[in-house]
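Right, one structure below, let's go through it.
Here, each number is a calculation from the coordinates, and none is a lab measurement. Keep in mind that this is a model prediction, so the values were computed, not measured. FYI the Cβ positions are ideal-geometry reconstructions off the backbone, even for glycines, and counts take in every protein chain you see.
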Amino acid sequence: MATGWAGEGAVQQQIDATVKDGIARARSRLPSGAGLERCEACDAPIPEGRRKAVPGVRLCVACQEAQDAEEAAFTGYNRRGSKDSQLR
């Protein structure tokens, strides 16, 4: 049953799009290729255990934590504020 301007299944389509965007963003952040022995940001050595645990690692723990904190502050696209999200 469609109400207002929203088409049939519009809410589910928006949920699916949000999940798809989240998966794509997570996959784009995964490291790939050969890992480094030294951090590309600060040139500190990357411990062997970290290189084994995270294939393709490019940052030391401290730089990775700083990058993760920076990314956490960025929330991405605000679907609630989007004109298309006003499904009533």
Charge dipole (debye, nearest 20) of segment 29-74; +1 at Cβ of Lys and Arg, -1 at Cβ of Asp and Glu: 240
In segment 1-64, with Lys and Arg counted as +1 and Asp and Glu as -1 at Cβ, which of these residues, ALA24, LEU59, GLN13, has the Cα nearest the positive end of the dipole, that is, farthest along it? LEU59
In Hz, Karplus ³J(HN,Hα) per residue of segment 48-65 (6.51, -1.76, 1.60; θ = phi - 60°; x = Gly, Pro): 4, x, 5, 5, 6, 6, 10, x, x, 4, 10, 10, 6, 4, 4, 5, 5, 4
Quick one: what are the phi-derived ³J(HN,Hα) couplings along segment 30-40, Karplus 6.51/-1.76/1.60 with θ = phi - 60°, whole Hz, x for glycine and proline? 5, x, 9, x, 6, x, 9, 8, 10, 5, 6
